[in-house]
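**Student:** Structure provided below as structure tokens; questions to follow.
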Amino acid sequence: MKATMSAPHIQVIALPTQAKTAESFEFKPNAGTPGQVLRIPAKAGVTYQLKDLAREGQKAPEMVKAKRVGKHLEITFESGNEGPDLVLENYYDVVTDGSMSLVGEAENGHMYEYAVSNANSNTPLALVTPSQGSVNAVLGSAEFIQSSGAALSEQSLTPLFALLGGVGIAGVSGAVQGKQDNAASAAALKTLQAAAQANNASTSTTSLETYSAAGITGVTQDNLAAINNALNTAAVSGTHVDTAAKVQAIVDAYNAILGEANGATPDTTPVGNPTASQYQAIGANIGLAATNAKNLALLNDIVGAKEKSSVDTVAEINELARIANAIQLVATGGKPNPTLTAADFDKAGITGVTDANLAAVVASLMSKADNGTQSDSLKELQDVVTTANNALAKFEAYKNGRSDDPEALTVDDYAEAGITGVTTDNLAAVNAQVLAAKAGEANSVGEVQGLVTAGNNALAKIENYDGTTALSVNDYAAAGITGVTADNLAAVNAQVLAAKAGEANSVAKVQDLVTDGNNALAKIENYDGTTALGLEDYAEAGITGVTTNNLAAVNAQVLAAKAGEANSVAEVQGLVTDGNNALAKIENYDGTNALSVNDYAAAGITGVTTDNLAAVNAQVLAAKTGEANSVAEVQGLVTAGNTALAKIENYNGTTALGLEDYAAAGITGVTAENLAAVNAQVLAAKAGEADSVVEVQDLVTAGNNALAKIENYDGTTALSMDDYAAAGITGVTTNNLAAVNAQVLAAKAGEANSVVEVQDLVTAGNTALAKIENYNGTTALNVEDYAAAGITGVT
């Protein structure tokens, strides 16, 4: 049969180190109202002896349960109470390491210190930590030697003992004390309840004494303001503190939070972190941290790095919770409102976050696991900052041209640094801006973001080009466009100008236009005359001043250029000028210096040869101002010259050629005097013998020679009918040949050097013959009459 254990009857004796007398406190746990607690303010230099008067020999309790709560030591005896029976208030404020603060008398009559019951029971209660929770304490091996003179006597009894007069001290004192405690506790509890309802708790209205009187442990001078602050939150009303247990829960919760705040000191409660319910118990609004373990973990890590003074108001805790939740929301891909600031990170204890790198830090944070596992500690977040700084450093390093950097920054490089708006369309433009930035101009998110804008502006300038102000090589370089030089700039500009809306709004598109410009130039450079270049070919290469009027002239210049002399806009533009000059030379021809076949070729005029050159020149010279200033017009004059020559070539005697016909063909030396002679020569020429200026000019000479032969006739060798015919003289026959010869011979010098004059001599010969023919005897014919008719032998 199990022996019945007597209910404990506890006596607590306060043994001072120096005083001559000791104080004694006696009570029976659970003898009165359940939950009643004996509270003794602990004092420095005092050792507390425990006796169980119900035990034989009034020895000390063999074992008690001890628990550190804040700065208090709670003792529970074998009374059946769930809560403490005895509280030594502020025990851990006054007890010192090495001092024997709680002792008891063993069976051998010696006094020993209570120690934690484990393999080594020499660990005193003074070293118990809050994280250990409730521990079993037994009399250890360290013996306590009581100082002399410190003896318990009737005079040393507390006023309570004196009031009782020693009558039933064990039972009565507990009952009387209990009544007094209950009244005081109820009043104090009402005070706390009223303060919580009115949110006006303060050190004057809800003091340490108020909490103590209400039976609340763990409230000290250090945490009083924090506890009162909790009562003053909107979440804690009078109904939340209408029992001591509820108030104690708030105190314990805040003490747990304050205990978590170690600052730079290593965490003494690594596995005993505050719970969501403890934060809520003090009236804190911790948002998602109330339900999300990772958010709560981050909040506790932030609180753990703070000093107690930084979390001694609920508002401070709420702010830290907001930051923790915002950080985790970003990490999971959300967007907190308000957004995170550099100040938020600083409040959370994360260093190195500034306005300059904030976006990079946020971007780095967003790259973490969506479940918050990579962002639920300060160390992980500090690593996020490092990653962000490294991402930003890449821009400055790229700008400085470090050999160990990538050849070009990527879209991902910008994204990792929190830079927005960089795509494959503008990447090269932005890289160009970064590369062009001065030292220190690309080491912050704001600066790099500004360079993104600059790159976009550079591209937009190209996209919006309307031909008013020509784009420069620098404009293209600013947009990250490569391959644009002074040689092809105009060609590229032409391509950009010709592009439709949206066809030059990305680096790739503009780069294609550069290629198109180069291809357009190459087409001109490679021109071999097979297929004539058109106006659009020059326009696509950015060549100006080419029109239908001078196109052939310019083509001629390009064709005549040597390899490498038409592979830049400037060179081709020079050839346009040369073509214009060649045309201008023809337009300005005044007959002084005859134009050459090369002059026409330089102007792109075709069909001009040595055969028709003079004819064409004649046409050009005859043209009015403005009628030979285009290739088409000059080409028309070539046709006119050819037509004039053809008219001479095709002369058949039906309609006599006039002076203007010869002039139109560029034939010189034809006058009224020799026209008939020249016509006679042309008519006598065989097919193909008068189809060039040279040949016709020879016929003019032949006509002149024929006339000269007649002019120079001296009677030695008689002129023949052919001689007269060669000079274009008509009416000379075998019948009158001698008569005409006689007239020519009789003519004075200069009287037979034109067709008209010789023709007159033919008439004179005919007249002389007619006079003889018509002789009727009236007037005798004389020797001269016969001589005039070429009749010889008449004397």
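**Student:** Which residue out of Asn736, Asn774, Asn712 is closer than 18 Å to Ala677 by Cβ, among the polar types (S, T, N, Q) and over 60 Å from the mean Cα position of the chain (by Cα)? I'd like the intermediate steps shown before the answer.
**Tutor:** Numbers: Asn736 fails: closer than 18 Å to Ala677 by Cβ; Asn774 fails: closer than 18 Å to Ala677 by Cβ.
Being closer than 18 Å to Ala677 by Cβ, among the polar types (S, T, N, Q) and over 60 Å from the mean Cα position of the chain (by Cα) holds for just one of Asn736, Asn774, Asn712, which is Asn712.
**Student:** Take Ala126 and decide whether it is modelled with pLDDT under 90 and touching a strand residue (DSSP E or B) at 6+ places or on another chain (Cβ under 9 Å). Quick ask: steps written out before the conclusion?
**Tutor:** Details: modelled with pLDDT under 90: yes; touching a strand residue (DSSP E or B) at 6+ places or on another chain (Cβ under 9 Å): yes.
Yes.
**Student:** Next question, about the same structure. Name the single residue, out of those in region 350-371 being part of a loop (DSSP other than H, G, I, E, B), crowded, with 21+ Cβ neighbours inside 10 Å and not hydrophobic (A, V, I, L, M, F, W, C), that is nearest to the chain's Cα centre (by Cα).
**Tutor:** Top of the filtered list is Asn357.
**Student:** Now for a separate question. I'd like to verify a number: residues in region 494-552 that are assigned by TED's automatic domain parsing to the domain that holds Asn457 and in contact with a Lys or Arg (Cβ under 9 Å, 6 or more places away or on another chain), how many?
**Tutor:** Of the residues in that region, 3 qualify.
**Student:** Hey, does region 678-691 have a residue that's out of contact with any strand residue (DSSP E or B) (no Cβ under 6 Å at 6 or more places or on another chain), part of a loop (DSSP other than H, G, I, E, B), in contact (Cβ under 8 Å) with a residue 60 or more places away in the chain and assigned by TED's automatic domain parsing to the domain that holds Gln759? So that I can check it myself, show each step before the final result.
**Tutor:** Residues of region 678-691 that are out of contact with any strand residue (DSSP E or B) (no Cβ under 6 Å at 6 or more places or on another chain), as a first pass: 678-691.
With part of a loop (DSSP other than H, G, I, E, B) added as a condition, the list becomes 685-691.
So of that shortlist, the ones also in contact (Cβ under 8 Å) with a residue 60 or more places away in the chain come out as 691.
Those still in the list that are assigned by TED's automatic domain parsing to the domain that holds Gln759 too: 691.
Scanning region 678-691, I find at least one residue that is out of contact with any strand residue (DSSP E or B) (no Cβ under 6 Å at 6 or more places or on another chain), part of a loop (DSSP other than H, G, I, E, B), in contact (Cβ under 8 Å) with a residue 60 or more places away in the chain and assigned by TED's automatic domain parsing to the domain that holds Gln759, so the answer is yes.
**Student:** What are the pairs with Cβ atoms under 7 angstrom where one residue, in region 779-795, is over 20 Å from Asp760 (Cβ atoms) and the other, located anywhere, is assigned to a loop (DSSP other than H, G, I, E, B)? Sequence gap at least six, or different chains.
**Tutor:** Close Cβ pairs satisfying both conditions: Leu781/Tyr775; Val783/Val794; Val783/Thr795; Tyr786/Val794.
**Student:** Within region 516-542, count every residue that is without any contact (Cβ under 8 Å) to a residue 12 or more places away in the chain and either assigned to a helix (DSSP H, G or I) or under 30 Å from Asp425 (Cα atoms) (or both).
**Tutor:** Start the filter on region 516-542 by keeping residues that are without any contact (Cβ under 8 Å) to a residue 12 or more places away in the chain, which leaves 519, 526, 530-531, 536.
Imposing the further condition that a residue be either assigned to a helix (DSSP H, G or I) or under 30 Å from Asp425 (Cα atoms) (or both) reduces the set to 519, 536.
Residues flagged as without any contact (Cβ under 8 Å) to a residue 12 or more places away in the chain and either assigned to a helix (DSSP H, G or I) or under 30 Å from Asp425 (Cα atoms) (or both) within region 516-542 amount to 2.
**Student:** Considering only region 420-436, state which residues are crowded, with 21+ Cβ neighbours inside 10 Å and either in a loop (DSSP other than H, G, I, E, B) or of a type in the set (Gly, Ala, Ser) (or both).
**Tutor:** Hits for region 420-436 are Val422, Asn426, Ala428, Ala429, Ala432.
**Student:** Do you know which of the residues in region 91-116 that are of a type in the set (Ser, Thr, Tyr) and either buried (at least 18 other Cβ atoms within 10 Å of the Cβ) or not assigned by TED's automatic domain parsing to the domain that holds Lys65 (or both) is modelled with the lowest pLDDT?
**Tutor:** Within region 91-116, the first condition is being of a type in the set (Ser, Thr, Tyr), and the residues that meet it are 91-92, 96, 99, 101, 112, 114.
Add one more test, that the residue is either buried (at least 18 other Cβ atoms within 10 Å of the Cβ) or not assigned by TED's automatic domain parsing to the domain that holds Lys65 (or both), and what stays is 91-92, 101, 112, 114.
Values: Tyr91: 88, Tyr92: 85, Ser101: 82, Tyr112: 85, Tyr114: 85.
The residue in question is Ser101.
**Student:** Given the conditions (1) part of a loop (DSSP other than H, G, I, E, B); (2) within 26 Å of Glu757 (Cα to Cα), report the number of the one that Tyr662 does not fulfil.
**Tutor:** For Tyr662, the exception is condition (1).
**Student:** Could you tell me which of the residues Ala768, Ala738, Ala752 is hydrophobic (A, V, I, L, M, F, W, C) and touching a Leu at 6+ places or on another chain (Cβ under 7 Å)?
**Tutor:** On the way: Ala768 fails: touching a Leu at 6+ places or on another chain (Cβ under 7 Å); Ala738 fails: touching a Leu at 6+ places or on another chain (Cβ under 7 Å).
After ruling out the rest, the residue left standing is Ala752.
**Student:** Among the residues of region 589-624, how many are of a type in the set (A, V, I, L, M, F, W, C) and assigned to a helix (DSSP H, G or I)?
**Tutor:** Filtering region 589-624 for residues of a type in the set (A, V, I, L, M, F, W, C) gives 594-595, 597, 601-603, 605, 608, 613-616, 618, 620-623.
Still in the running and assigned to a helix (DSSP H, G or I): 597, 601-602, 613-616, 618, 620-622.
Looking only at that region, the number is 11.
**Student:** A further question follows. Which of (1) of a type in the set (Val, Ile, Thr); (2) at pLDDT below 95; (3) surrounded by fewer than 20 Cβ atoms within 10 Å (Cβ to Cβ) does Thr469 not meet, given it meets every other one?
**Tutor:** Failing condition for Thr469: (2).
**Student:** Right, here's the next one. Just the residues that are touching a helix residue (DSSP H, G or I) at 6+ places or on another chain (Cβ under 6 Å), in a loop (DSSP other than H, G, I, E, B) and within 21 Å of Asp785 (Cβ to Cβ), please, taken from region 748-772.
**Tutor:** Glu751, Ala752
**Student:** Taking the criterion of being assigned to a loop (DSSP other than H, G, I, E, B), at pLDDT 95 or above and surrounded by fewer than 16 Cβ atoms within 10 Å (Cβ to Cβ), would at least one residue in region 635-651 satisfy it?
**Tutor:** Yes - at least one qualifying residue is present in region 635-651.
The values are calculated or read from the model by the stated rules, or taken from the named source; none is laboratory data. Note that this is a predicted model, so its numbers are computed, not measured. In this analysis, Cβ positions are derived from the backbone assuming ideal geometry, glycine residues included, and neighbour counts consider all displayed protein chains.
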